[in-house]
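Single-structure report; data block below.
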Amino acid sequence: MKSWFRYAKPLAVTAAIAVAFGACNEQLDGGDACPILCPRPGEAIRDTTFFAIEVDTTVERFPALGAERQLFIASFGDTLQTRAIVRYDSLPTTFHHANSATDSTIEFVDTGSVVKLSIVTGDTVGVPTTVELYDVDFGGDDDIDPTLPGTGFTPDRLMGSRTIPADSMKDTVSVPIDNVKLLNKIIAPSPGNRLRIGIRVTTPGGESIKMLANSANAGAGALLIFRPSADSTVPLDTVGPFSKTPSETAIANNLADYLLVTTSPPAAPPGVVRVGGLPGRRIYYRFNIPARILDSSNVVRATLLLTQRPNGFSPTPFDTTGIEPVGVMAGNTVTDLEKALLFIAQTGADSSRLVAADSGLRSMEMVRVLKLWTNTDPLRTPRALALRSTTEGFSGKQIDFYSLEAPAALRPRLRITYLPKPTTGIP
């Protein structure tokens with residue numbers, strides 16, 4: 001008898017399990033009659049493409065004026081012209097002779113005075129680069145309007161220049177400055193005893209040229225170097241960028257050196273948003289995604305679909321440039337988009353390598369961004385994304401995309417592949 005029960009017991013357990021699953025299977029067809037432990041059948045993966053963007057716009061000035069770490073000084077004909085402005089608002093007026101304990105007033109500046117630039121990259125192949133220095137001090141009017149020095153690049157204001165072979169455009173470059181004009185700045189009564197120079201690059205034949213120089217923000221701004229005496233034993237004086245105006249210290253520090261764009265490509269036409277260029281631009285997108293997708297499903301893939309518009313006015317339009325999506329972290333209380341776009345975070349998505357002169361459909365993955373938005377309050381975590389150039393602030397390259405104002409076939413769209421979350425029946 002025991003032997004029979006030993007074999008019958010496992011059979012009974014197996015039969016009980018089979019009955020339980022059979023009951024569950026029967027109840028699945030009955031909908032909500034299924035016990036809570038019996039899940040409903042899973043749904044198939046869904047794929048949808050829709051107009052998820054409710055706001056798109058271009059926002060300028062990244063980085064802010066004077067916040068540049070590198071100064072992209074370029075001459076691209078009527079497409080792009082930029083100038084660097086450097087302020088030396090604290091010129092020395094005295095010096096020490098060797099073995100002297102007393103100060104001597106500067107009354108002479110020896111020949112050999114230079115402005116020394118720290119070069120990040122330059123055109124090291126091809127034609128020589130001519131670097132020109134101009135007196136762009138407007139006697140105080142430029143304190144009110146820091147863009148005014150852009151008008152000061154005239155022959156009568158030239159203070160020095162040097163033509164540099166292509167293979168020497170690296171590391172550091174020293175450009176001579178007129179020692180007599182420099183002395184006149186030093187001995188001028190306050191507030192005239194300051195030097196503000198503008199830097200321009202050209203080529204002998206008018207070819208396109210560019211030079212990327214470090215700024216004071218990078219700890220390597222342009223240095224003014226001169227000997228304040230005819231006595232060769234007197235050490236050289238070195239003056240770094242410094243601005244006394246305005247009274248706000250942070251702004252004055254930024255204006256120690258900065259980049260001006262004196263000629264820009266044509267503005268983007270209606271129905272187009274732009275990323276990159278100078279001043280740097282970012283594209284702001286705000287999304288409206290149904291909660292049934294964002295909060296009640298598992299998003300497998302999310303792709304932002306943009307239609308690129310060809311831009312032949314971009315400097316070097318056939319070179320590639322990187323465009324990356326970044327998450328906007330500022331809440332809805334920040335209504336100024338320029339400020340909101342200062343609060344960004346990497347999304348983990350790869351940058352796209354695009355050519356300004358090209359056109360067609362472009363895709364950017366953003367599934368990680370959607371996962372960050374899941375089960376969050378849109379008032380505190382806005383569904384916002386931005387595009388920026390990977391060379392923002394130190395390249396003139398720009399990319400155009402069609403916006404919400406374009407014809408429907410060209411507007412930005414979002415493609416999402418998702419799996420609705422399974423639900424459970426309640427008796």
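The values are calculated or read from the model by the stated rules, or taken from the named source; none is laboratory data. None of these values were measured; they are calculated from a predicted model. When we count neighbours, we look across all protein chains shown, and the Cβ atoms used for this are built from the backbone with ideal geometry, even at glycine. Keep in mind that these areas ignore ligands, DNA and RNA; they rest on the heavy atoms of the full protein, side chains included. Shrake-Rupley method; radii C 1.70, N 1.55, O 1.52, S 1.80 Å.
Structure notes:
- Here the Karplus relation 6.51 cos²θ - 1.76 cosθ + 1.60, evaluated at θ = phi - 60°, turns the backbone of segment 392-407 into coupling constants of 4, x, 9, 7, x, 5, 9, 10, 10, 10, 6, 10, 5, 7, 7, x Hz, with x for every Gly and Pro.
- Pairwise FRET efficiency - LEU148 versus SER296, Cβ, R0 = 60 Å, nearest 0.05: 0.55
- In order along segment 278-288, the Karplus-derived 3J(HN,Hα) couplings, from 6.51 cos²θ - 1.76 cosθ + 1.60 at θ = phi - 60°, round to 9, x, x, 10, 10, 9, 9, 10, 10, 9, 10 Hz, and Gly and Pro are given as x.
- As a fraction of the 1.4 Å probe accessible area of segment 158-209, surface on carbon and sulfur atoms comes out at 51 percent.
- Of all accessible heavy-atom area on segment 79-126, the percent that carbon and sulfur account for (1.4 Å): 48 percent
- In this structure, the pairs whose alpha-carbon distance is over 24 Å, taken from LYS210/LYS244; LYS244/LYS339; LYS210/LYS397, are LYS210/LYS244; LYS244/LYS339.
- Reachable aspartates and glutamates from LYS181, criterion Cα separation under 17 angstrom, eight or more residues apart if same chain: ASP89, GLU107, ASP110, GLU132, ASP135, ASP137, ASP156, ASP237
- Relative contact order of segment 64-208, taken over Cα pairs closer than 8 Å and 6 or more residues apart, is 37 percent.
- Average accessible area per residue (Å²) across the chain - probe 1.4 Å, nucleic acids and ligands excluded: 50 Å²
- Carbon plus sulfur fraction of accessible area for segment 307-357, probe 1.4 Å, in percent: 56 percent
- The calculated FRET efficiency for THR238 paired with ASP377, based on their beta-carbon distance and R0 = 51 Å, is about 0.40.
- For a straight C-alpha distance cut-off of 16 angstrom, the aspartates and glutamates reachable from LYS371 (same-chain residues fewer than eight places away being disregarded) are ASP295.
- Here the peptides 54-63, 378-387 are ranked by packing, the mean other Cβ count within 10 Å, and the order with the highest first is 378-387, 54-63.
- Karplus-derived 3J(HN,Hα), 6.51/-1.76/1.60, for each residue of segment 241-257, Hz, glycine and proline x: x, 7, 10, 8, 10, x, 6, 5, 4, 4, 5, 4, 4, 5, 7, 4, 8
- The label-point distance for THR93 and SER190, in a model that sets each label 7 Å from Cα toward Cβ, rounds to 0.7 nm.
- Projecting the Cα atoms of VAL261, PRO279, GLY112 onto the charge dipole of the chain, computed from C-beta unit charges around the Cα centre, puts PRO279 farthest toward the positive end.
- Average Cα contact separation per residue, the chain, under 8 Å, 6 or more apart, as relative contact order %: 26 percent
- Relative contact order [Cα under 8 Å, 6+ residues apart], segment 213-315, whole percent: 16 percent
- Charges were assigned to the Cβ only: +1 to each Lys and Arg, -1 to each Asp and Glu. The resulting dipole of segment 196-269 about its Cα centre is roughly 100 debye.
- Ellipticity estimate at 222 nm from DSSP helix runs (n ≥ 4, -39,500 (n - 2.57)) divided over the chain, nearest 500: -4000 deg cm²/dmol
- Counting only alpha carbon atoms, the long axis of helix 2-28 and the longest principal axis of the chain meet at about 60°.
- Using alpha carbons only: equivalent-ellipsoid semi-axes of the chain, gyration tensor based, whole Å: 66, 24, 19
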